[in-house]
Amino acid sequence: MRPRGDPRGADDGVFHEALAKHNLNLMMSLFAPGAVFNVDQKALTGKPQIRHWFATENKAFQPQNHWLADTPTYKIRATVNGDKGTLYFECHYIDPKTQKLVAYVGVDHDVQKINGKWLIVDSVASKPKLSP
């Protein structure tokens, strides 16, 4: 059970559910209206730009890809300081047909509790070094 106020409740499970179901609305429910997402050497600002990136450029959301997303729990890091926090996790995407790792990403989120819900306000995606 997670401690009350733990920002991981905001998105690690829902994030992966949204990816697995290719559910853009669910994914966007995790972001604050003016969120910034730094990915692929771009700074996307606001939900419309972030949504467009997930819909058109994120390979895990492409309709032909039905990958499994694995997040090693020992690599999750979260902090809480009042109504603000941080969350880091890695996604390792596995193609169930080939059983091979096809993509991986590390995501660093700054989160904030807004109207009682933890939302991503700033996020940076990068390629982590794969190691145990």
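The values are calculated or read from the model by the stated rules, or taken from the named source; none is laboratory data. As the structure is a computational prediction, the values presented were derived from the model and not from experiment. Note: ideal-geometry Cβ built from the backbone for every residue, glycine included; neighbour counts use all protein chains shown. All accessible areas refer to the heavy atoms of the entire protein, side chains included, with ligands and DNA or RNA removed. Shrake-Rupley method; radii C 1.70, N 1.55, O 1.52, S 1.80 Å.
Given the pairs 47/113; 100/129; 21/113; 21/84; 42/129; 47/75, which are separated by over 23 angstrom at their Cα positions? Before the final figure, lay out the partial values.
Working: 47/113 17 Å; 100/129 17 Å; 21/113 25 Å; 21/84 28 Å; 42/129 21 Å; 47/75 27 Å.
Pairs exceeding 23 Å: 21/113; 21/84; 47/75.
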Solvent accessible area, Å² - residue 40, 1.4 Å probe, full protein context: 90
Along the Cα→Cβ direction, 7 angstrom out, place labels at residue 77 and residue 41. What is the inter-label distance in nm? 2.6
Provide the per residue accessible area, probe 1.4 Å, for the chain, rounded to a whole number of square angstrom. 58
The chain - mean residue ellipticity at 222 nm from DSSP helices (-39,500 (n - 2.57) per run, n ≥ 4, rounded to 500): -6500 deg cm²/dmol
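Could you calculate the contour length gain from residue 97 to residue 51, that is, 0.36 nm times the residue separation minus the distance between their Cα atoms, to one decimal place in nm? All intermediate terms of the calculation are to be shown ahead of the outcome.
Details: separation 46, 0.36 × 46 = 16.56 nm, distance 2.77 nm.
Extra length from residue 97 to residue 51 when fully extended: 13.8 nm.
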With N residues in the chain, what two-decimal value do you get for its Cα radius of gyration over 2.2 N^0.38 Å? 1.01
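Using only alpha carbon pairs under 8 Å that are at least six residues apart, calculate the relative contact order of the chain and give it in whole percent.
Working: 241 pairs, mean separation 32.4, N = 132.
25 percent.
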Of the accessible area of the chain, with the probe set at 1.4 angstrom, what percent is carbon plus sulfur? 52
Could you state how much accessible area residue 117 has, in square angstrom rounded to the nearest 10, with a 1.4 Å probe and all protein chains kept in place? 90
